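The structure appears right after this line, and notes come after that.
No lab work stands behind these numbers, since they all come straight from the coordinates. Predicted model, so just to flag it, every value in this text is computed and none were measured. Backbone-built Cβ (ideal geometry, glycine too); neighbour counts: all protein chains shown.
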Amino acid sequence: MNIDVFTLFPDWFHWFRGQRHVRNALALGHRLETVDLRATTPLSAGQVDDTPYGGGAGMVIRVDVVEAALAARWGEDAVAGRGRRRVIALAPGGRQLDEALVQELAAEEELALLCGRYEGFDERVHDQLATDVVSIGPYVLAGGELAAMVVCDAVLRKLPGALGHVDSALEESFSAALGGAPEYPHYTRPASWRGHEVPEILRSGDHGRVREWRAEQSRRRLR
Ligand code: ADE
């Protein structure tokens with residue numbers, strides 16, 4: 001998978017790229033690269049935003065700035081280019097990210113993630129340059145960078161080999177193996193801590209009963 005993150009703050013992603021499951025994914029041949037929206041701006045002095053029509057506080061990232069960055073990256077017209085890949089604008093008002101959307105995105109060959117700042121993007125970025133507008137939750141962040149990292153984190157760990165343990169992604173919260181339910185509780189040593197005991201079933205060695213108990217716990221968390 002190839003992921004390009006379009007941002008005004010490419011440095012933010014240096015740390016993220018160094019995290020283990022991201023490094024694993026990169027070592028497997030996947031790509032995660034940042035594109036600085038300021039580098040290709042057609043405006044002078046690195047300008048990328050402008051005041052909103054109609055008045056009001058804050059600045060809005062210009063559609064021609066995003067267009068130039070996409071066109072330079074893809075080597076083709078940005079409107080034509082969105083027909084060939086998933087282009088996701090991160091914004092608080094978008095479709096909320098959930099496991100189904102993560103699965104969908106993990107199946108893509110290529111993703112472009114557009115990180116807004118200030119008051120966000122000119123609406124024509126959402127309408128004409130993006131294929132999707134995605135939110136990571138009903139709250140407002142200072143920009144789309146952390147949201148893009150959340151998307152990358154959730155998507156990259158789905159790629160075969162990115163996690164150390166193959167099983168960890170199979171039977172996890174919201175997976176098909178658990179019927180879309182949250183995952184069952186986990187315990188490890190010590191068996192007793194401040195009078196709080198690990199459920200006896202988990203220490204019984206009876207794999208059938210453990211499986212049934214976990215499935216039931218998982219179902220209960222749905223309610
Ligand atoms: N940008 C600002 N807030 C956001 C959110 N909640 N989700 C995605 N992008 C954002």
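Listed values, structure above:
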| item | result |
| --- | --- |
| Considering only the chain, percent of DSSP beta bridges that pair antiparallel, nearest 5 | 20 percent |
| Extension gain, ASP98 back to ARG38 (0.36 nm per residue minus Cα-Cα distance, nm) | 18.5 nm |
| Ranked list, fewest to most other Cβ atoms within 10 Å of each Cβ, for ILE88, ILE201, ILE61 | ILE201, ILE61, ILE88 |
| Residue among VAL150, VAL22, VAL210 with the largest mean-square fluctuation in a Gaussian network model of the chain, springs linking Cα atoms under 10 Å | VAL210 |
| For GLY143, distant residues with modelled amide H under 5 Å away | none |
| Computed label-point distance, nm, for sites SER173 and ASP50 using a 7 Å Cα→Cβ extension | 4.3 nm |
| Packing-based order for 98-105, 66-73, using average beta carbon neighbours within 10 Å, highest first | 66-73, 98-105 |
| Gain upon complete extension [GLU212, ARG73; 0.36 nm per residue less C-alpha separation] | 44.9 nm |
| Contact order normalised by residue count of the chain, Cα under 8 Å, 6+ apart, percent | 20 percent |
| Gaussian network model of the chain, springs between alpha carbon atoms under 10 Å - residue of ALA106, ALA148, ALA80 with greatest fluctuation | ALA80 |
| TRP15/GLU108 FRET efficiency (R0 25 Å; Cβ-Cβ; nearest 0.05) | 0.55 |
| Rounded, prolate or oblate (a/c below 1.5 giving rounded, otherwise prolate when a/b exceeds b/c) for the chain by Cα gyration tensor | prolate |
| Relative contact order (%) - the range 1-103, alpha-carbon pairs under 8 angstrom, separation at least six | 20 percent |
| Distant-in-sequence amide H partners of GLU110 (H built 1.01 Å from N, under 5 Å) | ASN2, ARG86 |
